[in-house]
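The values are calculated or read from the model by the stated rules, or taken from the named source; none is laboratory data. For clarity, every value in this text was computed on a predicted model and none was experimentally measured. In this analysis, Cβ positions are derived from the backbone assuming ideal geometry, glycine residues included, and neighbour counts consider all displayed protein chains.
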Amino acid sequence: MTNRLVLSGIVCRTPLRKVSPSGIPHCQFVLEHRSVQEEAGFHRQAWCQMPVIVSGHENQAITHSITVGSRITVQGFISCHKAKNGLSKMVLHAEQIELIDSGD
């Protein structure tokens, strides 16, 4: 089964860094995406806020460059996580992150 997502946007919540009891580092943040997409011959506004989690040592170095307002592209897979309130939420598990040059 295929499960791949590529999403570009702006980090809209401060990254939260923590280490699991087994010693695996995690970085969590929320990516806000806004674009115009074409569907059935019409243009429509596309918008979402996607929780992102970066796990493992491989990608942690780049997470230290990520702050609120950073423009990034994230590639990875999606999965549901059960929140403390019992509700499920979709989360993007990042496998590759690219900082987008703002042109400043």
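Based on what the data block shows, is Thr63 touching a Lys or Arg at 6+ places or on another chain (Cβ under 9 Å) and not acidic (Asp, Glu)?
Yes; evaluated as a whole, the condition is true for this residue.
Which of the residues belonging to segment 1-50 are small (Gly, Ala, Ser) and in a strand (DSSP E or B)?
Scanning segment 1-50 gives Ser8, Gly9, Ser35, Ala46.
Among the listed residues Phe77, Phe42, which satisfies the condition of being surrounded by 12 or more Cβ atoms within 10 Å (Cβ to Cβ) and among the aromatic types (Phe, Trp, Tyr)?
Checking each option against the conditions leaves just Phe77.
Can you find, within segment 56-74, the residue that is surrounded by the most Cβ atoms within 10 Å (Cβ to Cβ) among those that are modelled with pLDDT of 95 or more and not β-branched (Val, Ile, Thr)?
Filtering segment 56-74 for residues that are modelled with pLDDT of 95 or more and not β-branched (Val, Ile, Thr), the one surrounded by the most Cβ atoms within 10 Å (Cβ to Cβ) comes out as Ser70.
Return the residues of segment 1-24 that are free of Cβ contacts under 8 Å to residues at least 24 places away in the same chain and of a type in the set (Val, Ile, Thr); say none if nothing qualifies.
Across segment 1-24, the qualifying residues are Thr2, Val19.
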